[in-house]
Amino acid sequence: MILDSNFLMRIIKKIQTRKGAKLNIKGEAEKVFKKTHPSKTYALKPDDFFGILPKLLKKEGEEIKTGEPVFFSKNEPRIKFVSPVSGFIKSIERGARRKIEKIIISSSSNENSELHEVSNWENLNRDELKKLILDSGNWPFIHQRPYGTIANPNETPKAIFVSTHTTNPLCPDFDFILNKEIEDFQNGISALNKLSDQHVFLGTDASFPGMFKNISDVQHYTVSGLHPAGNISLHIQELAPLNMGDRVWTVNPEDVVKLGCFLSTGKFSPKRTIAITGNSVEQPKYIVTKQGAELQPILNEFKLLYDQNRVINGDVLTGTISCLDGHLGYFNNQISVIPEGNDYRMFGWLPFKDNNILSLSNTSFSRLFKKKDFEVDTNINGEERALVVTGEMEKVFPLDIYPMQLIKACIVEDIEKMEALGIYEVVPEDFGLIDYANTSKIEAQEIIREGIELMINEVG
Amino acid sequence: MNALRKQLDTLKKPFGKGQKFEKFAPAFTAFETFLFVPNHITKKGAHIRDAVDLKRTMVTVIIALLPALIYGIYNTGYQYYIQTDEPFTFIDAFIHGAWKIVPMIIVSYVVGLSIEFGFAVYRGHEVNEGYLVTGLLIPMIMPVDIPLWMVGISTAFAVLIAKEAFGGTGMNILNPALTARAFAFFAYPTYMSGNKVWVSEASNVDGISGETILGSLAAGQDVNYSMIQMFQGSIPGSIAETSTLWVVVGALILILTGIGSWRIITGGIIGAAIMGILFNLWGANALMSFSWMNHLIVGGFAFGIVFMATDPVSAAQTNKGKWIYGILTGIFCIMIRVFNPAYPEGVMLAILLMNVFAPTIDHYVVNGNINKRKKRWINAQELKTA
């Protein structure tokens, strides 16, 4: 154990990586909160919860309170998903084969929350605490590895990871977002400690741990390096590598605060802080809203610079597509808005042409410029091709895994190979940069996601 | 540009879904995307994508090949004129070479691309750009006087048997261009070896002959070229492989752009140098005592290791594997040169041999990672039970 003299915190490991890339995209959010109008409707999207089959508890038109369950998981009925606001169920949107896509809740002016008894949570045993977290709808904030699904409450993880340092393009700064909520954060960490036999690990930025250095009951580690240095898969590999049958849980920093806040008030905390980012946004800033809020009133507060924009719940590498009249996701702390790139470029395939396009390849001068603020758009810059170029994925992939071999094993659905090559240690987001950088334009995240779905169905 | 774009959009209509020529859409798209990078946007996965694509990658390789090709065209004329004792200028030599080589390039592209387009339409996938490089490489590594129909048949063989039969671009085991050469080498040996094929018109005009340096050494003859000549490439040989100087320029382009694997190239040079030094120490025949440095700059070694061994599809794919693959290619190249007088140049066979072994090398490298993981699992299991 090293006692870091700069920050006076005990650090068990300094994780460093050279593999990866920093994408210098224009549109980082200024550290200022902007006020927005409250949203009229809020949405729960079952697709936000990977691997969950929803079973509805409410019908259209029924009244609902904040923190009251809207649906539960068919496989594990104890996992409930609760409403972020009080009001009534406005509509349930279904897609193909009656799949539930969105449950839209109309909010009413009088706020009314489900109350849980939390006064003696510190004295509860593990099972009682689990029940409290499950009943209150806070359980979906806890994810598990392998697979990145919502944690199975019947299991005990060998470690719990919370990383406050993310490296995704234009990612929010959690020290800024959470610095008024340090007590809730500490509460949340203490609760997580009760759920695991072993450690809770807390990752911080090696250059600036901020307020997180004061958190106790955790094993501190620091992270430095290029994206995806902030991805928890790398931290797990370094500190508690996943073996067959192991479980590790992960929780996002703001969700730790929400858990802590619940444990001190007894009310579900729907608060969500969002960094509005991207080169379509004129003056990107932070906003505070609630989970599942409408995007329109939020984005109306900002001037969008282009006519056709892509609105993304999350960052430009791993986020999910939304639209101006869509809703915020359940977990993301970031919205990215970038222009659509549906235009043609004459002879754009010539090397060293169109150097204004951000590229990690030496066939463009854009790397040499070291420009800080590249304009990006959604053009694929080519077409999908067979896998030809080798070695480029490894450059942006710091895990001790052969990414191309794993992708190929997933394509041919060779379960044994996938297992041996490390499918348990990755989530699709780890392949975001590979999606971006690979010459053949293959959809690595999609392939890995399908591979993980196959593993869940076949192996469990 | 807008007018052209509009024209293309009108032309494109009959190739659309449910239209008359839908089946031929891949062929039209190939032409369209040559003019314009398409307006496709991301639908899943990362929302932004790098500017690099396979077209750009392949065009970079072609740019890297051009210096060697241009010198090869000049050298073809140069070798012809110095033997006929006619006075000549640089332009004369270049025109003579171009007259010989451009038709070969055209035949290679027409035959190869026809097959590629045919398969793309038949299989309903896009035309891959890989052939742009293969199609240029094939004539570059042939002797200058090979009849055009042989170029055509070799090309067809390579594309059909070495590439499409395995599933097309990205799936082939052997380097297609080298397969074309190997096919010609074994099918038409009289056109591919001996002392009458390396200089333009040698078989037609009396008094012209020209053995390659390695051929002379294998036949026990003396070599009268200086090291400078060998390095700059004013020597007989296959069309574009003679000039190590311009191959090095190509290698720099490939390495600096990150398109060619520096691991394979460096590994190959190390392997060949080690083997060359060992044979120098042994020194039992003319080829063994031929300086190891000269081994690196004569024959097709430099060209092969820079442009053929680095083909990412047929080479090893892991970084460790690339080192092993490169070093072994170098070793085998010199070994074949020295031990087998029937094949004075070993680089073609060395690379093809290593192409076959590349998946095996990768298998063991990747297995190292797999075993490490399994060991960790077993250790954890033991800890739990203990």
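Couple of notes before you dig in:
- For chain B, modelled as a GNM whose springs connect Cα atoms under 10 angstrom apart, the maximal fluctuation among B:G152, B:G18, B:G271 occurs at B:G18.
- Here the protein assembly as shown is assigned +1 on the Cβ of each Lys and Arg and -1 on the Cβ of each Asp and Glu. Its dipole about the Cα centre then comes out at about 1140 debye.
- Gaussian network model of chain B, springs between alpha carbon atoms under 10 Å - residue of B:S108, B:S243, B:S209 with greatest fluctuation: B:S209
- Global geometry of the stretch B:207-337, whether rounded, prolate or oblate, following the gyration tensor of its Cα atoms and the 1.5 cut on a/c: oblate
- Equivalent ellipsoid semi-axes - Cα gyration tensor, the stretch B:1-49, angstrom: 21, 16, 10
- Furthest towards positive pole of dipole, A:I380, A:G314, A:L57, structure part the protein assembly as shown, Cβ charges: A:L57
- Residues A:L358, B:L278, arranged from fewest to most other Cβ atoms within 10 angstrom of their Cβ, appear as B:L278, A:L358.
- Cβ-based charge dipole, chain B, positive-most Cα from B:L137, B:G152, B:G124: B:G124
- Column: log10 I(q)/I(0), Debye, Cα scatterers of the stretch A:305-449, q = 0.09, 0.18, 0.22 Å⁻¹: -0.33, -1.21, -1.43
- Once you reduce the stretch A:292-325 and the stretch B:65-139 to the center of their Cα atoms, the two points are 52 Å from each other.
- Area projected by the alpha carbon convex hull of the stretch B:1-144, averaged over all directions, nm²: 11.9 nm²
- Note on the stretch A:260-357: the C-alpha convex hull projects to 8.0 nm² when averaged across all orientations.
- Distribution of pairwise C-alpha distances over the stretch A:41-107, 10 Å bins, in %: 24, 57, 19
- Pair B:L66, B:Q229: separation of 7 Å Cα→Cβ label points (nm): 3.1 nm
- For the stretch B:54-369, a crude dipole built from +1 on the beta carbon of Lys and Arg and -1 on the beta carbon of Asp and Glu, taken about the Cα centre, is about 880 debye to the nearest 20.
- The stretch B:235-300: Rg to Rh, with Rh as the Kirkwood radius over Cα pairs: 1.04
- For the stretch B:127-135, Karplus couplings with θ = phi - 60° (6.51, -1.76, 1.60), whole Hz, Gly/Pro x: 6, 7, 7, x, 5, 4, 7, 3, x
- Counting only Cα atoms, the size of the stretch B:312-386 along its three principal axes is 64, 24, 15 Å, in decreasing order.
- The phi-based Karplus calculation (6.51 cos²θ - 1.76 cosθ + 1.60; θ = phi - 60°) puts the 3J(HN,Hα) values of the stretch A:201-212 at 9, 10, x, 10, 5, 4, 8, 7, x, x, 5, 5 Hz, whole numbers, x for Gly and Pro.
- As a length-normalised measure over Cα pairs under 8 Å and 6 or more apart, the relative contact order of chain B settles at 15 percent.
- Taking every Cα-Cα distance in chain B and sorting them into 20 Å bins from zero, the calculated P(r) comes out as 26, 52, 19, 3, 0 percent.
- Rounded to 5, the percent of DSSP beta bridges in chain A classed as antiparallel: 65 percent
- In this Cβ point-charge picture (+1 for Lys and Arg, -1 for Asp and Glu), the stretch A:274-377 has a dipole of about 460 debye about its Cα centre.
- Under 12 Å of direct C-alpha separation, and excluding same-chain neighbours fewer than eight residues apart, A:K371 reaches no aspartates and glutamates at all.
- Built amide H within the under 5 Å cut-off of A:K34, gap 5+: A:Y286, A:I287, A:V288
- Loop-resident sites, the stretch A:372-426, for GluC sites (Glu not before Pro), counting at most 16 other Cβ within 10 Å (DSSP): A:E384, A:E413
- Partners of A:K80 within straight-line reach, counting aspartates and glutamates whose Cα lies under 12 Å from its Cα and excluding those fewer than 8 residues away in the same chain: A:E68, A:D135.
- With a cut-off of 14 Å between beta carbons, the residues surrounding B:F117 carry a summed charge of -2, where Lys and Arg count +1 and Asp and Glu -1.
- The three principal axes of the Cα atoms in the protein assembly as shown give end-to-end lengths of 106, 69, 47 Å, sorted in falling order.
- Global geometry of chain A, whether rounded, prolate or oblate, following the gyration tensor of its Cα atoms and the 1.5 cut on a/c: rounded
- The smallest convex shape that holds all Cα atoms of the stretch A:337-412, its convex hull, gives 150 Å³ per residue.
- Residue-by-residue Karplus 3J(HN,Hα) for the stretch A:116-128, coefficients 6.51, -1.76, 1.60, Hz, glycine and proline x: 10, 7, 10, 4, 10, 4, 5, 9, 6, 7, 4, 5, 5
- Entries in A:K395/A:K441; A:K19/B:K374; A:K13/A:K417; A:K22/A:K441; A:K158/B:K375; A:K408/B:K372 that, when Cα-Cα distance is taken, lie over 22 Å: A:K19/B:K374; A:K13/A:K417
- Residues whose placed amide H lies under 5 Å from that of A:Q219, excluding near-sequence neighbours: A:V200, A:F201, A:L202
- Three-way shape label, the stretch A:166-270, alpha-carbon gyration tensor, a/c 1.5: oblate
- GluC sites (Glu not before Pro) within the stretch A:263-359: DSSP coil, no more than 16 neighbouring Cβ in 10 Å: A:E282, A:E301
- For the stretch A:392-458, the equivalent ellipsoid derived from the Cα gyration tensor has semi-axes of 18, 12, 10 Å, listed largest first.
- GNM flexibility winner over chain B from B:D362, B:D50, B:D85 (Cα, springs under 10 Å): B:D50
- For A:A293, the amide hydrogen comes within under 5 Å of the amide hydrogens of A:A43, A:L328, counting only partners 5 or more places away or on other chains and with H modelled in the peptide plane.
None of the figures in this text is laboratory data; all of them are computed from the coordinates on show. Worth saying up front: this structure is predicted, and the values here are computed from it rather than measured. Cβ atoms come from the backbone with ideal geometry, glycine included; neighbour counts cover every protein chain shown.
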